[in-house]
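Below is one structure, written out as structure tokens; the observations come after it.
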Amino acid sequence: MESKQKTHVKKGLIIAAVLIIFDIVLQLIHQQPEQWVFYANSALLIGGVIVSIHIEGGENTDKKDFSSLFGYGFQVAVVSVCILFIYTIISVYLVFPESVLTIYDERIKQAQKLPKFDLAQATSQKEMALKVIRISLISSVVMLNLAIGIAGSLFGTLIRLFIAKNRS
């Protein structure tokens, strides 16, 4: 029986689904702004892209050169980032808008440690600060995850080529 091949879209959707579920769980237990979350998300994305490239290289024998494997990994990463982008917009504006307030409160606490901090001015500019935080979250999801996905594609390609070279 022939195994059904998964396309880059399906693999990207699976990676994005894992990252979205991870984010939802973290949001529910109030752990989202922690630094370790960034590293965990990065590891999941890189690992997913590497595994996708390895599976594709094993199933599709005509994808044995650097450019085709790297391109495939890049496609997987782009699909994942696009889905994460859509999820982040929905999350920031509809599902978990309090996460933006949490980030705002953390930044206010950090700013209060500065000698020239003016709470009245910060409070008057709260709406603008919330808009900036939302835009920063959305843009960082795209830029950071795309860069991480490209790195995963590079590592995955090199690993797959190394494994294929040692098997022959």
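Scan segment 23-44 for residues that are of a type outside the set (Gly, Ala, Ser) and more than 13 Å from Ser91 (Cα to Cα) and the total you get is 12. Of everything in segment 117-143 that is at pLDDT below 85 and not in a helix (DSSP H, G or I), the residue that is surrounded by the most Cβ atoms within 10 Å (Cβ to Cβ) is Phe117. Would you be able to say whether some residue in segment 64-79 is closer than 25 Å to Phe162 by Cβ, charged (D, E, K, R), in contact with a helix residue (DSSP H, G or I) (Cβ under 8 Å, 6 or more places away or on another chain) and surrounded by fewer than 18 Cβ atoms within 10 Å (Cβ to Cβ)? Within segment 64-79 (the criterion being closer than 25 Å to Phe162 by Cβ, charged (D, E, K, R), in contact with a helix residue (DSSP H, G or I) (Cβ under 8 Å, 6 or more places away or on another chain) and surrounded by fewer than 18 Cβ atoms within 10 Å (Cβ to Cβ)), the answer is yes, since at least one residue qualifies. Residues in segment 94-116 that are in a helix (DSSP H, G or I) and closer than 17 Å to His30 by Cβ: 12 in all. Out of segment 30-49, which residues are more than 17 Å from Leu101 (Cβ to Cβ), exposed (fewer than 13 other Cβ atoms within 10 Å of the Cβ) and not polar (S, T, N, Q)? Within segment 30-49, Trp36, Tyr39, Ala43 meet the criteria.
Looking only at segment 19-63, residues that are in contact with a Gly (Cβ under 7 Å, 6 or more places away or on another chain) and outside any helix (DSSP H, G or I) come to 1 in all. For segment 100-131, the set of residues classified as touching a helix residue (DSSP H, G or I) at 6+ places or on another chain (Cβ under 6 Å) and touching a residue at least 40 places away in the same chain (Cβ under 8 Å) consists of Ile103 only.
Close contacts from segment 133-149, counting a first residue that is closer than 13 Å to Gln75 by Cα and in contact (Cβ under 8 Å) with a residue 12 or more places away in the chain and a second that is part of a helix (DSSP H, G or I) and of a type in the set (Phe, Trp, Tyr), with Cβ to Cβ under 6 Å and a gap of 6+ residues or different chains, come to none at all.
Of everything listed in (1) in a loop (DSSP other than H, G, I, E, B); (2) modelled with pLDDT of 90 or more; (3) not small (Gly, Ala, Ser), the single unmet condition for Val79 is (1). For segment 4-14, indicate whether the set of residues that are modelled with pLDDT of 95 or more, assigned to a helix (DSSP H, G or I) and among the aliphatic types (A, V, I, L, M) is non-empty. Among the residues of segment 4-14, at least one is modelled with pLDDT of 95 or more, assigned to a helix (DSSP H, G or I) and among the aliphatic types (A, V, I, L, M), which makes the answer yes.
When you check Phe162 against the structure, is it without any contact (Cβ under 8 Å) to a residue 12 or more places away in the chain, exposed (fewer than 15 other Cβ atoms within 10 Å of the Cβ), among the aromatic types (Phe, Trp, Tyr) and not in a loop (DSSP other than H, G, I, E, B), yes or no? Against the criterion (without any contact (Cβ under 8 Å) to a residue 12 or more places away in the chain, exposed (fewer than 15 other Cβ atoms within 10 Å of the Cβ), among the aromatic types (Phe, Trp, Tyr) and not in a loop (DSSP other than H, G, I, E, B)), Phe162 qualifies.
The values are calculated or read from the model by the stated rules, or taken from the named source; none is laboratory data. What you see is a predicted model; the values in this text were computed from it and never measured. Methodologically, a virtual Cβ is constructed for each residue, glycine included, from the backbone with ideal geometry; neighbour enumeration extends over all protein chains shown.
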